[in-house]
Amino acid sequence: MSTAALMRTERATRRAAVPLDPLRSGLEALALFFLVQTALLLRSQHLAWQFFASSVSPRWASGMVGPIWPDLVAGVLPFTAIALSGVVLARSGRRCAWALPAAAWFAMSFFVGGPGHVPHPQPLGMGWTPPAGTPINSPAWWAQPWAGALVDYGLALLPAAVIAATVAAASPSRDDGATTVVDRVRALRVRPHAVTALTLCCFFVWLAITSSTEATNPTQPWSAAPGLLPPFLFGLVLGTRRRRLLWAAIAVPVLFQVDAYSFIWPSAQATASATLSVLPFVAMCAVGVAYRPMARAFERLRDAPLAALVLLNVLNVADAVLTWIAVRSHQAVEANPVVRMLGLPAKILLVALIGLILYRVRPRAIVWGVAVLVAVIAWHVAGLYLTATV
């Protein structure tokens, strides 16, 4: 064994001799976050009371300044989501990618804000927000968010870092580094069905972002991207390697995006609206998780051309029906000149004939037509959503 290998083995032995407890680290990080937020919120509460008391009256200030526990709950939920995302990914074996979704949430928070917003990260805890009465030109409006975001995300990722370090210390060291490089290069082989599935998933995300932006805030293009991209990335990294951890694909986006105040002061309308508002983020996470199952489905369809032919015709009929509904309701115009001249039944028969020819000549190519029609159906669904909301 070489000297370098002996040194690596010795370092791994020393690391393994120091026990790392992920549960203890997680509880300590949560407790520290809770204490820091409590101190900051109490300080903000005191400063806000002083500001309102001096500007209006002490009695009015007492009525304006409320308890701090709702803000504590509103900060603990996204903190738990970030910590849970890292822990689940580290437990699922993502030794290097466990921090990617948290990094995406951190980066995307720069773009949260209306016109005139100075880009800076958004902290997880509410205590980092400058209190009422802070001058608009005060450096606290950018310094505190920066400090808060770094502290909050660092504490949230601490348990996952402990798990990743524990796994790295327990894993056997390799004597030949070249073997690892070769294995990684072989693992990155481009497979057509995997590329097709990933392209479709990215297309679904693009449709969701553009449709949501058009429905809610058309004056700011891509305004929905900061909220929808990180859940998709989390689902993509999570995958289906360990199915018993798939519950996190629902828990993480719900904890991060849910409006806690709608449940703290509940009403039927507010609670229902808050519940429905998290569904797009859960759907984006599900799209990311569906990448590998979709790739496997395309691979199986390529080897089962008869099933692919049947699915091709089913999707083609669904496309024809949805197109007919959109044209009849004056929500779309038929752009295909052949269909305008011969009608939708001719399109159904034409696609069926092309599929039958492919089945005889190139049966494994039918799956690519299925992928195209899946994208077309997704386009129809986005159009129906815009029709219902705009």
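The label-point distance for Trp265 and Asn137, in a model that sets each label 7 Å from Cα toward Cβ, rounds to 3.4 nm.
What shape does the range 344-390 take by its C-alpha gyration tensor, where a ≥ b ≥ c are the square roots of the eigenvalues and a/c under 1.5 counts as rounded, a/b above b/c as prolate, and the rest as oblate? In terms of gyration-tensor shape, oblate. May I ask you to sort Tyr291, Tyr385 by Cβ crowding, counting other Cβ atoms within 10 Å and putting the fewest first? Neighbour counts put them in this order, fewest first: Tyr385, Tyr291.
FYI, it's all coordinate maths here, none of it is from the lab. Since the structure is predicted, the reported quantities are computational estimates derived from the model, not experimental observations. Quick reminder, even Gly has a Cβ in these numbers, built from the backbone with ideal geometry, and neighbours come from all protein chains shown.
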